[in-house]
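The values are calculated or read from the model by the stated rules, or taken from the named source; none is laboratory data. Not measured: the values here are computed from a predicted model. We place every Cβ from the backbone using ideal geometry, glycine too, and count neighbours over all the protein chains shown.
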Amino acid sequence: MPDPAPSAALRPVEALGDWTISIIASLGRFLTFFLRALGSLVTPPFKFNVFVDRVDYIGFRSLLIILLTGAFTGMVLGLQIFLTLSRFGSEAFLGPAVALSLIRELGPVLAALMITGRAGSALTAELGIMRITEQIDALEVMALSPFRYLVVPSILAGLVTFPLMTALFDVIGILGGYLVGVKLLGLSAGTYFGEMQTFVDMRDIMTGFWKSVLFGVVVTWVATYKGFHVGHGAEGVARATTQAVVLASVLILMWDYFLGSVLP
């Protein structure tokens with residue numbers, strides 16, 4: 001009888017190989033999905049009405065949570081940065097500290113995370129329900145591209161809405177820092193905005209802009225992909241929604257660090 005020991009010894013290696021192949025295959029499907037979406041993007045006709053509906057769905061309906069999060073983020077920054085700067089006698093730099101923190105980092109990241117939690121999860125669940133109820137299959141049977149109707153408008157809406165939501169987040173956050181620093185803690189309003197104008201330049205604004213654009217693509221790409229590839233039943237939709245939110249959030253933080261190290 002052959003010795004089963006070598007086979008048992010190789011099982012961890014076999015499991016690692018299966019896991020590696022599974023990851024590579026998943027990445028391939030993920031990239032193929034995006035390439036198909038790009039192909040549908042340049043294939044007429046463009047569904048403008050669907051695009052407008054996605055802008056409303058992703059952007060306008062997320063407006064309240066963006067305004068609330070931006071206001072309180074700016075207020076917390078204003079309070080904590082003022083307390084820190086006061087130890088060094090540098091309270092005058094509160095304005096640029098709040099503005100740079102929001103424009104370069106916190107604005108794009110927190111706005112993207114908030115939209116992911118509200119709109120990204122809903123988008124995944126919506127497409128997942130369409131998949132398990134065979135509505136997507138019905139579009140394919142009628143020779144209608146589900147990518148053109150469901151994926152492309154969502155990705156384009158992400159490109160448009162994420163920078164706009166980030167800009168609103170930044171403005172409200174700066175005003176929140178103003179309320180705390182000037183109205184509550186007694187800093188001069190001229191000092192707050194004057195130093196901000198001195199230290200914040202267009203490079204900082206463009207850094208936040210490009211981050212928000214990339215986050216818009218990433219979030220809508222992940223949400224639509226997970227919605228298209230759900231499991232069976234309500235459990236499959238719930239699992240896909242959770243995976244979409246977690247994966248999109250992790251990718252946002254990863255790309256934020258990468259872009260922060262590359263962009264000036």
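Scanning region 1-46 for residues that are closer than 17 Å to Leu159 by Cα and touching a Phe, Trp or Tyr at 6+ places or on another chain (Cβ under 6 Å), which turns out modelled with the lowest pLDDT?
Ranking the qualifying residues of region 1-46, first place goes to Ser40.
For region 194-203, which residues satisfy the criterion of being surrounded by 15 or more Cβ atoms within 10 Å (Cβ to Cβ) and in a helix (DSSP H, G or I)?
Across region 194-203, the qualifying residues are Glu195, Met196.
In region 13-27, is there at least one residue being loosely packed, with under 13 Cβ neighbours inside 10 Å and under 25 Å from Ala119 (Cβ atoms)?
Among the residues of region 13-27, at least one is loosely packed, with under 13 Cβ neighbours inside 10 Å and under 25 Å from Ala119 (Cβ atoms), which makes the answer yes.
Quick test of your reading of the structure: Thr43 fulfils all but one of (1) hydroxyl-bearing (Ser, Thr, Tyr); (2) under 30 Å from Val182 (Cα atoms); (3) in contact (Cβ under 8 Å) with a residue 40 or more places away in the chain. Name the failing condition by number.
(2)
Of everything in region 104-150, what is in contact (Cβ under 8 Å) with a residue 60 or more places away in the chain, small (Gly, Ala, Ser) and assigned to a helix (DSSP H, G or I)? Give them in sequence order.
The answer is Gly107, Ala111, Ala112, Gly117, Ala119, Gly120, Ser121, Ala122, Ala125, Gly128.
Is it the case, given these coordinates, that Thr220 is of a type in the set (Val, Ile, Thr), at pLDDT 90 or above and loosely packed, with under 14 Cβ neighbours inside 10 Å?
No.
Identify the single condition in (1) hydroxyl-bearing (Ser, Thr, Tyr); (2) over 23 Å from His229 (Cα atoms); (3) surrounded by 20 or more Cβ atoms within 10 Å (Cβ to Cβ) that Thr124 does not satisfy, given that it satisfies every other one.
Of the numbered conditions (1) hydroxyl-bearing (Ser, Thr, Tyr); (2) over 23 Å from His229 (Cα atoms); (3) surrounded by 20 or more Cβ atoms within 10 Å (Cβ to Cβ), the odd one out for Thr124 is (2).
On the basis of being in contact (Cβ under 8 Å) with a residue 40 or more places away in the chain, closer than 20 Å to Ser101 by Cα and assigned to a loop (DSSP other than H, G, I, E, B), does Leu214 make the cut?
Criteria not met by Leu214.
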